[in-house]
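Each remark here refers to the structure printed beneath this line.
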Amino acid sequence: MKGIVLSKYQGLGNDYLILDARKNKSKLMGKKIALLCRRGFGLGADGVLYGPVDIGGKMGVRIFNSDGSESAISGNGVRIFAKYLMDQGYVSGSTFDIETLAGTITAEALNSRGTEFRVNMGKASFFSKDIPVSGDPREVIDEGFRFHDHMYKATCLTVGNPHCIIFTNHLEPKDAKLLGPYVENCDEFPNRMNLQLCHVIDRGNLDIEIWERGSGYTKASGTGSCAAAAAAYRLGYTESRMNVNQPGGMIQIDIAPDGTIFMTGTVGFIAEMNIAEEFFS
């Protein structure tokens, strides 16, 4: 493990370590990722971005949660990786594609420093087989679920990863921390589940609290913002453009007439670090 170099970036407090596949011979997986991401004992992060790597013959990134499990997509992670590609000179121009396990993501830098990006996140699907949610094939919209012996109305969807959205008039971090672990591992969700508790402020603003599968409580989520916005728009609570406010800051979501979701948010560079030789021993 000697000589591993990592970079650290954040998007609205959602922080990732980047392991550059072109600069490091070692590929970290599973328990080693979990060790690195542990706060207080490791470098501390919500996950690891491994790339640039080849995905389908094109430049891409693999995304790992803080528990070492792999995720197909991360909205904040993709914006962070887009900035890293610009910072390292791996891309030219302000608009470029990044391959993920969930498909192609198009990122557009909105300034020359690459501190704000608009990202085409594709379309949401509310169909149970796509998400997935167990039971008969259906769209999972405002459906009753029993979590922790209480009934909730939830809307479930995928934006490359699965999300459960519960709208509420009362929103506190403790609620996401209490309900999140149960929802993440609920039997109805065979691939685990992300949870967003969502409060509609008005037709242009939402507040959310987030529990992410594989990472736990987080200050911000790009895909979570997209999912909450898509659910709110589908239920008629908002217009097609809205601000999604979360503890780490605000992400703007635009939903095009054909259902394509565009996410706009900031990212920032924190540090470049070398891992101590004895860290993994």
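The values are calculated or read from the model by the stated rules, or taken from the named source; none is laboratory data. The structure presented is a predicted model; accordingly, all values stated were derived computationally and were not measured. Glycine also receives a Cβ, built like all others from the backbone with ideal geometry; neighbour counts cover every protein chain displayed.
Going by what's in this entry, would residue 111 be described as of a type outside the set (A, V, I, L, M, F, W, C) and without any contact (Cβ under 8 Å) to a residue 40 or more places away in the chain?
Values: of a type outside the set (A, V, I, L, M, F, W, C): yes; without any contact (Cβ under 8 Å) to a residue 40 or more places away in the chain: yes.
When the stated conditions are applied, residue 111 passes them.
Would you point out which residue out of 6, 110, 85 is in contact with an Asp or Glu (Cβ under 6 Å, 6 or more places away or on another chain) and more than 28 Å from residue 191 (Cα to Cα)? Give the derivation first.
On the way: 6 fails: in contact with an Asp or Glu (Cβ under 6 Å, 6 or more places away or on another chain); 85 fails: in contact with an Asp or Glu (Cβ under 6 Å, 6 or more places away or on another chain).
After applying the criteria, what remains is 110.
Just checking, how many residues over the stretch 220-244 are over 17 Å from residue 195 (Cβ atoms) and in a strand (DSSP E or B)?
Looking only at that region, the number is 3.
Would you mind stating whether residue 45 is surrounded by 18 or more Cβ atoms within 10 Å (Cβ to Cβ) and in contact with a strand residue (DSSP E or B) (Cβ under 7 Å, 6 or more places away or on another chain)? Outline the logic, then answer.
Details: surrounded by 18 or more Cβ atoms within 10 Å (Cβ to Cβ): yes; in contact with a strand residue (DSSP E or B) (Cβ under 7 Å, 6 or more places away or on another chain): yes.
Yes, satisfied.
Among the candidates 15, 87, 54, 67, which residue alone is surrounded by fewer than 20 Cβ atoms within 10 Å (Cβ to Cβ), among the charged types (D, E, K, R) and under 27 Å from residue 181 (Cα atoms)? Can you show your working first?
Details: 15 fails: surrounded by fewer than 20 Cβ atoms within 10 Å (Cβ to Cβ); 87 fails: under 27 Å from residue 181 (Cα atoms); 54 fails: under 27 Å from residue 181 (Cα atoms).
Answer to the selection: 67.
Give the number of residues within the stretch 126-141 that are surrounded by 18 or more Cβ atoms within 10 Å (Cβ to Cβ) and among the hydroxyl-bearing types (Ser, Thr, Tyr). If you could, list the steps in order and put the result at the bottom.
Residues of the stretch 126-141 that are surrounded by 18 or more Cβ atoms within 10 Å (Cβ to Cβ), as a first pass: 126, 128, 131, 133, 140.
Subset that is among the hydroxyl-bearing types (Ser, Thr, Tyr): 128.
The total comes to 1.
So residue 153 fits all but one of (1) without any contact (Cβ under 8 Å) to a residue 24 or more places away in the chain; (2) in contact with a helix residue (DSSP H, G or I) (Cβ under 6 Å, 6 or more places away or on another chain); what number is the exception?
Of everything listed in (1) without any contact (Cβ under 8 Å) to a residue 24 or more places away in the chain; (2) in contact with a helix residue (DSSP H, G or I) (Cβ under 6 Å, 6 or more places away or on another chain), residue 153 misses just condition (2).
Test of understanding: among 118, 62, 79, which residue is over 25 Å from residue 231 (Cα atoms), in contact with an Asp or Glu (Cβ under 9 Å, 6 or more places away or on another chain) and surrounded by 15 or more Cβ atoms within 10 Å (Cβ to Cβ)?
Working: 118 fails: over 25 Å from residue 231 (Cα atoms); 79 fails: over 25 Å from residue 231 (Cα atoms).
Matching residue, one of 118, 62, 79: 62.
Name every residue in the stretch 43-60 that is within 24 Å of residue 14 (Cα to Cα) and either basic (Lys, Arg) or touching a His at 6+ places or on another chain (Cβ under 9 Å) (or both), in order of residue number. Walk me through how you get there before you give the answer.
Our first condition is that a residue be within 24 Å of residue 14 (Cα to Cα); within the stretch 43-60, this holds for 43-53, 59-60.
Within the stretch 43-60, no residue meets the criteria.
Run down 169, 185 and say which single residue is out of contact with any Gly (no Cβ under 7 Å at 6 or more places or on another chain), outside the structural domain of residue 75 (by TED's automatic domain parsing), in contact (Cβ under 8 Å) with a residue 24 or more places away in the chain and of a type in the set (S, T, N, Q).
169
Find the residue count for the stretch 69-106, including only residues that are among the small types (Gly, Ala, Ser) and either within 15 Å of the chain's Cα centre (by Cα) or part of a helix (DSSP H, G or I) (or both).
9
Taking the criterion of being of a type in the set (Val, Ile, Thr), assigned to a strand (DSSP E or B), modelled with pLDDT of 95 or more and touching a strand residue (DSSP E or B) at 6+ places or on another chain (Cβ under 6 Å), would at least one residue in the stretch 160-177 satisfy it? Before the answer, list the steps.
First, pick out the residues of the stretch 160-177 that are of a type in the set (Val, Ile, Thr): 165-166, 168.
Checking the rest, the ones that are also assigned to a strand (DSSP E or B) come to 165-166.
Remaining after also requiring modelled with pLDDT of 95 or more: 165-166.
Cutting the leftovers down to touching a strand residue (DSSP E or B) at 6+ places or on another chain (Cβ under 6 Å) gives us 165-166.
Yes, some residue in the stretch 160-177 is of a type in the set (Val, Ile, Thr), assigned to a strand (DSSP E or B), modelled with pLDDT of 95 or more and touching a strand residue (DSSP E or B) at 6+ places or on another chain (Cβ under 6 Å).
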